[in-house]
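Any read-out appearing in this document is the output of simple, stated calculations on the displayed coordinates, not a laboratory observation. All values reported here derive from a predicted model rather than from experimental measurement. All Cβ positions, glycine included, derive from the backbone under ideal geometry; neighbour counts span all protein chains shown.
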Amino acid sequence: MDATRWDAVDHFFASLLIEHEPQAGGDVPDIAVSPLQGRLLELLARMVGAKRILELGTLAGYSTLWLARAEPDELITLEADPHHAAVARENLAGVDCVRLIEGPALETLPGLEPEPFDLIFIDADKSGYPDYIQWALRLSRPGTLIIGDNVVRGGRVLDGEDPGARGARRMAEIAAAEPRLDATVVQTVGAKGYDGFLLAIVSS
């Protein structure tokens, strides 16, 4: 089955299951989650009753808007690129629960409040994933759901030596070795090609 078919299946289900898709326009790369993946993020946030959410990698704010639909009390999203942050501020205007923090994540994460998050969505630069999952553990509690996007990398996670593949592979290795995490990876195909999510629950 080719990518054209994957895309058609995605559009079929999205047309059935998503009545009002969030709008997040702007001059940014076309690398946001798909509508069905955005709905998945919303549903996962609702399933865990997330009241405090952290997102690493805002881009234009599309996934942020999906997570906001779970009605958290607070949703903090981190964006390193000044242009992307400016676009996202326009798209997120009026969404009261969202606080966008601009700057490299490894510089802004230490300044976050010590209160733990209920859901942490990691979708920033893939080379930073090993550091980001360590920070996610510091900012979590038992029961926190950690989600890492784009960890399959079209299969390159097996043997790719580009920074994204190495980062995704190391993130999975850290999750496997961490006794506080129960984790799995779900491979995905669709409008965004062949990739996948790492899903982990903090157990203690």
Relative to 2.2 N^0.38 Å, what does the C-alpha radius of gyration of segment 33-144 come to as a ratio? Two decimals please. 0.97
How big is the equivalent ellipsoid of segment 95-166 along its three axes, where each semi-axis is √(5λ) from the Cα gyration tensor, reported in whole Å from largest to smallest? 25, 14, 12
Placed amide H near Ala80: partners under 5 Å, 5+ positions off or other chain: Thr58, Gly103
I need the trypsin sites (Lys or Arg not before Pro) found in segment 49-111, filtered to DSSP loop residues with at most 16 other beta carbons within 10 Å of theirs. Lys51
GluC sites (Glu not before Pro), restricted to segment 18-71: which are DSSP loop and have at most 10 other Cβ atoms within 10 Å? Glu19
In what sequence, highest mean first, do 184-191, 9-16 appear when ranked by Cβ atoms within 10 angstrom? 184-191, 9-16
Return the ratio Rg/(2.2 N^0.38 Å) for segment 77-137, where Rg is computed over Cα atoms only. 1.15
Relative contact order as a percentage, segment 10-86, C-alpha pairs under 8 Å and 6+ apart, gives 32 percent
Whole-number Å³ per residue for the convex hull built on Cα positions in segment 51-98: 54 Å³
With only helices counted (DSSP H, runs n ≥ 4, each -39500 (n - 2.57)), the per-residue ellipticity at 222 nm for the chain, to the nearest 500, works out to -11000 deg cm²/dmol
